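Structure first, commentary second.
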Amino acid sequence: MWQIGRGICFLVLLFLSYIDIRLHRVPINVLAVSGAAAILYQLVFGGSCVWEILAGAGIGLLFLLIGWITKESVGYGDGWGIFVLGLYLGFGELLTVLLLSFFLLAISAVFVLCVKKMSRKYIFPFFPFLTGGYVAAVLIERGVL
């Protein structure tokens, strides 16, 4: 069941990445259904302890707070996405995904600034990097990377 859950999560992240790239928005209804599915997954398969899941969701709440403080420099959709991913993955795995996501984002930002000559105010959609970080984390976990 682990592989099916990871596959579904990947497909949802891929869909949200596509929407984020095209519209620079993330549909809240998809995030709400994904959140309900993550909670159901944890209730049925119980892969992580309750505190691990709550701490993972807490990271998402922290990103929502950062979005509110910075007037959405970090978008609310990104915060809700991280919240849902925290419900599904738990604290430790979410930190790994975020670390890899921000690493990929930093590489892309340096590339865009150096090669494409774009300004520092260019806004990157975050979900593609979140998806890349998720894929990299799964590959590392499976021993591929």
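Here are some residues: PHE111, PHE124, PHE129. Which one is within 13 Å of the chain's Cα centre (by Cα) and either at pLDDT 95 or above or farther than 23 Å from ALA57 by Cβ (or both)?
On the way: PHE111 fails: within 13 Å of the chain's Cα centre (by Cα); PHE124 fails: within 13 Å of the chain's Cα centre (by Cα).
Going through PHE111, PHE124, PHE129 in turn, just one is within 13 Å of the chain's Cα centre (by Cα) and either at pLDDT 95 or above or farther than 23 Å from ALA57 by Cβ (or both): PHE129.
Among helices (runs of 4 or more DSSP H) lying entirely in segment 1-89, which contain 2 or more residues that are exposed (fewer than 13 other Cβ atoms within 10 Å of the Cβ) and either modelled with pLDDT of 95 or more or not acidic (Asp, Glu) (or both)? Quick ask: steps written out before the conclusion?
Working: elements: 2-23, 28-45, 50-69, 76-89.
Helices (runs of 4 or more DSSP H) meeting the threshold: 2-23, 28-45, 50-69.
Yes or no, residue by residue, for (1) touching a Gly at 6+ places or on another chain (Cβ under 9 Å); (2) free of Cβ contacts under 8 Å to residues at least 40 places away in the same chain; (3) under 23 Å from ARG142 (Cα atoms):
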{"position": "LEU13", "(1), (2), (3)": "yes, no, yes"}
{"position": "ALA36", "(1), (2), (3)": "no, yes, no"}
{"position": "TYR41", "(1), (2), (3)": "yes, no, yes"}
{"position": "PHE45", "(1), (2), (3)": "yes, no, yes"}
{"position": "PHE63", "(1), (2), (3)": "yes, yes, no"}
{"position": "ILE69", "(1), (2), (3)": "no, yes, no"}
{"position": "GLU72", "(1), (2), (3)": "no, yes, no"}
{"position": "ILE82", "(1), (2), (3)": "yes, no, yes"}
{"position": "LEU99", "(1), (2), (3)": "yes, yes, yes"}
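Taking the conditions exactly as written (crowded, with 23+ Cβ neighbours inside 10 Å, small (Gly, Ala, Ser) and touching a residue at least 40 places away in the same chain (Cβ under 8 Å)), does GLY133 satisfy them or not? Lay out the reasoning, then the answer.
Working: crowded, with 23+ Cβ neighbours inside 10 Å: yes; small (Gly, Ala, Ser): yes; touching a residue at least 40 places away in the same chain (Cβ under 8 Å): no.
Judged against the criteria, GLY133 is not a match.
Are any of the residues in segment 114-121 exposed (fewer than 12 other Cβ atoms within 10 Å of the Cβ), of a type in the set (A, V, I, L, M) and not in a loop (DSSP other than H, G, I, E, B)?
Yes: segment 114-121 contains one or more residues that are exposed (fewer than 12 other Cβ atoms within 10 Å of the Cβ), of a type in the set (A, V, I, L, M) and not in a loop (DSSP other than H, G, I, E, B).
Hey, among the residues in segment 125-145 that are part of a loop (DSSP other than H, G, I, E, B) and touching a helix residue (DSSP H, G or I) at 6+ places or on another chain (Cβ under 6 Å), which one's nearest to GLY81 (Cα to Cα)?
In the first step, residues of segment 125-145 are kept if they are part of a loop (DSSP other than H, G, I, E, B); the result is 125-126, 142-145.
Those still in the list that are touching a helix residue (DSSP H, G or I) at 6+ places or on another chain (Cβ under 6 Å) too: 125-126, 145.
Values: PRO125: 12, PHE126: 10, LEU145: 25 Å.
In this case the residue turns out to be PHE126.
The values are calculated or read from the model by the stated rules, or taken from the named source; none is laboratory data. This structure is a prediction, so every number in the text was calculated from the model and none was measured. As a convention, Cβ positions derive from the backbone with ideal geometry for all residues, glycine included, and neighbour counts pool all protein chains shown.
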